[in-house]
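These notes concern the structure reproduced below.
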């Protein structure tokens, strides 16, 4: 039985190709519907809208849905390679060339790392996120500037990073980890809709410590851990730390 049984279905409406939708439903082992409403038993739906694959929840069936956004975030440089500035770039390092993102998720940090010119591999264990990422990276390769510069989208690797990191043929200089931490207990700003949906579908990362140890074994130079500002450092006292707004990047040197 699919791990998403009862939670997720594929929705094929007038904007979708039936064969693509059926293939997607088969890969995920979930139902395929041609219409859905609030009486449909599943809470989440994958469907093609506006030229891309999107994840919807039942409460927002008529809204736009969530996609992996391939455009730079506010404040990020649009040229390639983008300048290596800001806390994330400082943590990864200007001299670093190869990076593995072990927890790709919605890929916003991955895409920023890609735009800064690093050689990047992306690991993702959620089959749902893998489908959204594949669609996004295909769209990325169709952008005019990507074609003009003859760039390829980051390599996408399916599976649990703990095992994959042990099997990489070449050790990356940097392994980047952005695990899901439990939300802050006291009232604060609400998490983004994308993170709420991921928590509903996947839960929190219960193997953060195991992943950190695997990353330390795999990286030739450093491991960078992204954490909310209230969370204790994942690997103990870091070699150095760079702070952003409401978060920080802890750096652990492997040598």
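Odds and ends about this structure:
- Filtered residues of segment 60-93 (kept if assigned to a loop (DSSP other than H, G, I, E, B), modelled with pLDDT of 95 or more and under 22 Å from residue 248 (Cβ atoms)): 93
- Which listed residue, of 162, 100, is touching a residue at least 12 places away in the same chain (Cβ under 8 Å), buried (at least 23 other Cβ atoms within 10 Å of the Cβ) and more than 23 Å from residue 47 (Cβ to Cβ): 100
- Counting only strands (runs of 3 or more DSSP E) that fall entirely inside segment 138-240 and contain at least 1 residues that are at pLDDT below 90 and closer than 30 Å to residue 48 by Cα, no element qualifies.
- Single match in 60, 28, 46 (criterion: without any contact (Cβ under 8 Å) to a residue 12 or more places away in the chain and either over 23 Å from residue 226 (Cα atoms) or not assigned by TED's automatic domain parsing to the domain that holds residue 170 (or both)): 60
The values are calculated or read from the model by the stated rules, or taken from the named source; none is laboratory data. A quick note: this is a predicted structure, and the numbers were derived from the prediction, not measured. Virtual Cβ from ideal backbone geometry, glycine too; neighbours counted across all protein chains shown.
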